[in-house]
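Take a look at the structure set out below.
Every read-out reported here was derived from the displayed coordinates using simple, explicitly stated rules and does not represent laboratory data. A quick note: this is a predicted structure, and the numbers were derived from the prediction, not measured. Don't worry about glycine lacking a Cβ; one is built from the backbone with ideal geometry, like all the others, and counts go over all protein chains shown.
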Amino acid sequence: MVQQMASQGRTELVEGLMAGFPQVPREAVIKEDLLRGGMAFDESALSGNEDGDVKPKSYFIFSFDHRTLPELGAAALNRPPEEIVLTGGPYELRRTVVSVRVNPASPYLVRAGEDGALGLYLDGVRIADVGLPPMPDYYRHTLSNGKSVMEVAPTIQWGYLVYLTVFRVCQYFGAKEECQYCDINHNWRQHKAAGRPYTGVKPVEEVLEALEIIDRHDTARTSQAYTLTGGAITSHIGGRDEADFYGQYAKAIEERFPGRWIGKVVAQALPKDDVQRFHDYGVRIYHPNFEVWDRRLFELYCPGKERYVGREEWHRRILDSTEVFGARNVIPNFVAGVEMAEPYGFSSVAEAIGSTGEGLRFFMSHGVVPRFTTWCPEPTTPLGKANPHGAPLEYHIRLLETYRATLEDFGLASPPGYGPPGPGRAVFSVSSFMDSLPAAEPEQEPVAP
Ligand code: SF4
C-alpha cells in the first residue's frame, strides 16, 4: 500500500485519501501533506523579514525545514511567513492555519497568480487562496538592548501562543543522546553561522520586557497562552535544575502579569516533587512528551530519555503528574510519523497505527489526552536523512481518524490551551488534530486539579 502510494502523483494521492476517508476533513488532508512534506515559496510570497508587512518565520525551536538554511536560496535571505492560512479552491477549504516548513522540491508552491493574489498550487493547479499573517504591532518594537520581540518571544498559531524557547540547545548531546528526529542543536548552530541573533539562554528580564511589549500592543488579546520550553537539562544551568530553571520564568511572568496567559511548560518527565515546583511557580499545563509509543523505537529514537529516565519511568511520571496538574492539564506530545521511519520503524501503516493507538488508549484510559506534531524530516537529523519524504500521508490521515475515535471512546474533549477545535476554526498549526475534532467551544482555561 505504501509503495503503491509513493508511485502515485501527489494530487491523485491527496484526492484518493479524501475520497477514502470522508470523515477526515479535507482541510486536514492538505494540511498534513504540507506539514510532512513542506511547501515551496516563490519569491513573491516571502516576507520582508522584520521590516515588512508579513509576520516572518521565527524558527521558534527546531528548523522545521526540509533543507538547511544555506540550501534554501531566497527563502534564507527573505524569510518565509511563520504560517499561512488556506481557504476556498476546488476543495472548498474552510479556514486552515498551517505552519510553514520550507521544501524547495515540494509539489506544493505558494505564489502570486496573474491577478496578484497569492495561491497554493499543487502539481501546478491552484488549490487554495493563501492568506499571510500580518506583521503584529508588537514585532515592530525592540527591547531596550535592541533585540527583537520575534527573537525573544515569537508568537505562533496565528498569534494565540507565545513560544518561549528559553534554552536554545539540549543537554542530550551527540548521537548517543539526542532524539533522532530533533535538530534543536543543529538549528542553533546554523543560525549562529548565518549571523542571525539567536540567544542560547534567554535572560528572564528580556522575556518579561518582550511580554510587556506584546501585552501592550496585543489589544485584541489574541495571545492567550505561553509555552516555556527548550532542551532537556540533565545537570544545571546557572545552578538551577530543570524544574527551577524553567520554573523561574513562570514565576516571574505570573508575578508581573498574573493570569494574563495560560502557562505551559514542555520538559522532561520529572519526579513528582519537581512537577509540584512547576505548578507552584504558576505553570498550569505540563507537556512531558512521550515522543513515540513503541518500546523498541523509543529506545532507539530517544536514547537520552531512555538513558536518563527510561520509558517505563517516563510513563509512570506522566501519570504521577496528573495528581499535581489534574489529568486534563497533562498533555504529552508525540512526533507523529517517526514510527514509520526506516530502517527501524514499522513498514506498514496498520502496524504503526496499531502501536500508536495502543499508546493513545493507555494515556486516555487515565484521562490524559496526548497531542501530536506532524513529523518534519529535517535533513540534519538521522531519521530525516534516512527518510527525506517523511511518513506516508495515509498514516497521518488514519492517525487523525484513530485519535478522534479514541477520544470519543473515552468520552474526552480536546485538550485545554489549544484554542478552538473544528475545521475552519482551529489555530493549532503543527498538526491537524484540532482541525479534525468536532467544533466545540474551547476549554481555554485549565481545569483545577
Ligand atoms: S529532549 Fe530530544 S526532542 Fe527535546 S530538545 Fe532534546 S534532543 Fe530535542
In deg cm²/dmol, rounded to the nearest 500, the helical mean residue ellipticity at 222 nm of the chain, built from -39500 (n - 2.57) for every DSSP H run of length 4 or more, is -10000 deg cm²/dmol
Could you tell me the distance between the Cα centroids of the range 297-340 and the range 86-139, to the nearest Å?
35 Å
Could you work out the Rg to Rh ratio of the range 17-73, with Rh taken as the Kirkwood radius (inverse of the mean 1/r over all Cα pairs)?
1.08
Which shape class applies to the range 137-287: rounded if a/c is under 1.5, otherwise prolate when a/b exceeds b/c and oblate if not, where a ≥ b ≥ c are the square roots of the Cα gyration tensor eigenvalues?
oblate
Value of Rg/Rh across the range 42-114 [Cα atoms, Kirkwood radius]
0.96
Rounded to the nearest 20 debye, what is the charge dipole size of the chain about its Cα centre when +1 sits on each Lys and Arg Cβ and -1 on each Asp and Glu Cβ?
440 debye
For a paramagnetic label modelled at 7 Å from the Cα of Thr199 toward its Cβ, which residues of the range 239-261 fall within the zone defined by backbone nitrogen distances under 13 Å?
249
Relative contact order of the chain, pairs being alpha-carbon contacts under 8 Å that are 6 or more residues apart, as %:
17 percent
Using a simple spin-label model with points 7 Å from Cα along the Cα→Cβ vector, what separation in nm is obtained for Ser347 and Asp409?
2.7 nm
Where a ≥ b ≥ c are the square roots of the eigenvalues of the C-alpha gyration tensor, would you call the chain rounded, which needs a/c under 1.5, or, failing that, prolate if a/b is larger than b/c, or oblate?
rounded
Protection-proxy order for peptides 252-258, 190-196, each taking the mean of Cβ atoms within 10 Å per residue, highest first
252-258, 190-196
Any lysines whose Cα falls less than 25 Å from that of Lys385, other than same-chain ones fewer than 8 residues away, would be Lys31, Lys57, Lys176, Lys192, Lys305
What is the distance in Å between the Cα centres of the range 352-421 and the range 196-218?
31 Å
Here the gain from full extension of His389 to Leu319, 0.36 nm per residue of separation minus their alpha-carbon distance, amounts to 21.8 nm
With +1 assigned to the C-beta of every Lys and Arg and -1 to the C-beta of every Asp and Glu, and no other charges, what is the dipole magnitude of the range 137-287 about the Cα centre in debye, to the nearest 20?
300 debye
For the range 56-215, what class follows from the C-alpha gyration tensor (a ≥ b ≥ c being the square roots of its eigenvalues): rounded when a/c is under 1.5, otherwise prolate if a/b is larger than b/c, else oblate?
oblate
Can you tell which of Ala117, Leu46, Thr87 lies farthest toward the positive end of the dipole of the range 39-131, using +1 and -1 charges on the Cβ of basic and acidic side chains (Lys, Arg; Asp, Glu)?
Thr87
Under the rule that a partner needs its Cβ under 4.7 Å from the first Cβ, which Cys of the chain have none?
Cys170, Cys302, Cys376
